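These notes concern the structure reproduced below.
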Amino acid sequence: MPNFPYKITTIFIFSIFVAVVFVSCNEVESTYKYPEPQPQSSIIGSWKLKYFVDVENNTKREPYISKWIEHMDSLGFQYDYEKTMKNIFILTFFAHKTSQPVCDGPCPIPTEELYFVNGSSCANNMWGNYFIDYNTKKLTTYIMHTLALNSLVPDGHLYEKIVRKNSFTFKLFSDTLLLYYNNDKECLEFYKTEYIKGVLYYE
């Protein structure tokens, strides 16, 4: 007489084994498909702003510049559109230290610990100093900018206001830089770009 209980038990155990192997393989495959970004050891280089991020509400948006473009077009301003788009909302961090701090008043950080940074918003060039601590993931910026029409580029003004004098918590990956501010409730998300020394379309 066939031993049905034994066969059923054997089939049940085998089914569990197959299911565990299947799930395990899927987990390995999922990990392989979505690896964590590789951290970058240095912030040196050029970074372009991609998003203003509202961390609390988990939303992000691109910088808004269409009014500025419309204004230049209406004036018949001759410019290279692709170069303009490439050169705006940039921060370039240099490896050399500064000799002339741009802090407002006495600088809380010794000059010998400040490095040079420059870049651009939409209408203005920017330059100044930064201090970075890779152990605590803190970045402090002291940045000045030229004066140009910015009323048509509110996001340009916002960007300048954020980076002008701020203390950020940062996360640094191979092609992404995240600068958290306002008690980490907001963030500037940059992507790594080719070296740009901070000049705008008219220079």
(message) Under a crude label model (7 Å from the Cα following the beta-carbon direction), how far is Thr176 from Thr136 in nanometres?
(response) 2.6
(message) At 7 Å along Cα-to-Cβ for each site, give me the label-to-label distance between Glu113 and Arg164 in nm.
(response) 2.5
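Express the relative contact order of the stretch 42-142 as a whole percentage, based on alpha carbon pairs under 8 Å and six or more residues apart in sequence. Please report the intermediate quantities before stating the final value.
Numbers: 127 pairs, mean separation 22.1, N = 101.
For the stretch 42-142, the relative contact order is 22 percent.
Bear in mind that the values in this text are calculations on the coordinates, not laboratory data. None of the values given here were measured: they were computed from a predicted structure. All Cβ positions, even for glycine, are placed from backbone atoms using ideal geometry, and neighbour counts span all protein chains on display.
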